[in-house]
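In what follows, a single structure is set out as structure tokens and then discussed.
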Amino acid sequence: MEIIDKYNLYQNERERLTTEEVIDQMRENIGLDLIDANVVDPRTGRPVSATIAFQLSFSGENPPQVQKVANELMSLYLKENIKERSEKANETYSFLHGESKRLNREISNLESKLADFKEKHVNSLPELQQLNLNLMDRTEREISDLGNEIRAQEQTRVYLQSQLAQLQPYGADPSMNPKTRLQALRTQYLELIARYSPDHPDVIRTRREIAGLEQETGQVDSSAEQLKQIEALRGELAVLLKKYSAQHPDVIKLQRQIHSLEQSVATPNAAPVKSSLARAAADNPDNPAYVQIQSQIESADMQIRSLKAKKQNLEAKQADYERRLIATPQVEREYRALQRDLQNATTEYDNIHAKLVSAEIAQQLEKDSKGERFEIIEPPILPEEPVSPNRPAILFLSLVLAIGCGFGIAAVTETMDDAVHGGKSIALSFGSAPLAVIPYISTDREARREKRRIATRLTATAAALIIGAAAIHYLWQPLDVLWYKALRKADVAINT
């Protein structure tokens, strides 16, 4: 409507039509024709039809006015294109910038969740499953090896105990010092008293020597030696019981010696005999072989305890590895879900970031007016010839219609006329030919009327030709231009 007011368009129509009707008429007078061309699609390599340009036009009655309106419309298209592209670039950049920030926050949250999840399930992550399997297999092998070592140590301990049971903890070397000699005599005394009565000469002699050495060394108590002797005899009895039955003579003999020694030991009661025997066995023996084997047994005991403790630790580790492997499938589902969400968010962020860079470049290009925009291929020119109506076509159609109407009217008139004209009509009407035909004899008045009618027709025809020529000259094309064009076309037709 601003263009209509600016160039004072549709003066007559604005007086009798509404604003909407005037605007609709102007819209009908504005033409937009798309220009297509066959181009090669870079994705498929096939030729496709693409719009490469468009033609903007405006139809009107005044050529200078039409040119101005077309220029105005062209300027509006250019301005609107620049404005739309700038707004679109800004909107695209703002949207992508917001999406980039949102995705960045989402990625940070997912990374934090993934880090917390890894910290919580550090030993049950899917990538550690094979490691846990290997560790559990190695632990099982170590447990099996430790079991074999424990059994070997226990067998060694049993063997050493059997050897220890066959040895005497104290020796009987006469070259020993008084204390050692006293211990040996006490041991010998226990053996003698187990065999003989207290009045036996060997028993009395040994008792006197013990009394003399006790006075010399100041050691009077012999219960410890007796208890050690009992412990040694019990070891021998255990060895014999592995070989013979309880009714074997040697077994019965050792049982009697042990019984005699237990009775001779001066203890407050019989209950603590077993504990006294254990304490006596803990005293320092003087037999080197006995001490060596006892040390080996203690070393074996320590080794067995150490191996059992190590085995317990390995079994605890094995149970922990089993718990890890059992928890791995559930952990893997949650872990894969977090990884998938993080990967999708990262991929989307990379795409948005790449688009953001492109949008930023496009925004800068639009600011510098270097981006894609409409370009004027051909500006509106002053029209020299009207594009409508097509006067030659109208004249040709008018001529055809006039001739057709003339023949049609004559045919219809002839068909509907019932008058008799000439001898043939009489013959057709009455079935026989007339005897004679008298021609029409016109009067002078009728002759003058006929002359006037012919003159009127000639005058009307001349006036029509003059009016038609004037209309062609002023409304379509000057007659001299049309004449020269006709001569040029005739010359071209003759030369070709």
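Being of a type in the set (Val, Ile, Thr) and closer than 22 Å to ILE376 by Cα is the filter here, so list the residues in segment 74-124 that pass it.
ILE82
Just checking, does segment 444-466 include any residue being in a loop (DSSP other than H, G, I, E, B), out of contact with any strand residue (DSSP E or B) (no Cβ under 9 Å at 6 or more places or on another chain) and either exposed (fewer than 10 other Cβ atoms within 10 Å of the Cβ) or at pLDDT 90 or above (or both)? Checking segment 444-466: not a single residue is in a loop (DSSP other than H, G, I, E, B), out of contact with any strand residue (DSSP E or B) (no Cβ under 9 Å at 6 or more places or on another chain) and either exposed (fewer than 10 other Cβ atoms within 10 Å of the Cβ) or at pLDDT 90 or above (or both).
Just wondering, is there one or more residues in segment 113-120 that are in a loop (DSSP other than H, G, I, E, B) and either in contact with a Pro (Cβ under 7 Å, 6 or more places away or on another chain) or modelled with pLDDT of 75 or more (or both)? Give the derivation first.
Let us first name the residues in segment 113-120 that are in a loop (DSSP other than H, G, I, E, B), namely none.
No.
Which residues, taken from segment 358-388, are in a loop (DSSP other than H, G, I, E, B) and at pLDDT below 70?
So the first thing to find is which residues in segment 358-388 are in a loop (DSSP other than H, G, I, E, B), and the list is 368-388.
Those that are in a loop (DSSP other than H, G, I, E, B) and at pLDDT below 70: ASP368, SER369, LYS370, GLY371, GLU372, ARG373.
Looking at segment 126-167, which of its residues are closer than 29 Å to LEU240 by Cβ, in contact with a Lys or Arg (Cβ under 9 Å, 6 or more places away or on another chain) and either crowded, with 16+ Cβ neighbours inside 10 Å or at pLDDT below 75 (or both)? Correct list: ILE150, ALA165.
The values are calculated or read from the model by the stated rules, or taken from the named source; none is laboratory data. Predicted, not measured: the structure shown is a model, and the values here were computed from it. Neighbour counts are summed over all protein chains in view; Cβ atoms, including those assigned to glycine, are modelled from backbone coordinates with ideal geometry.
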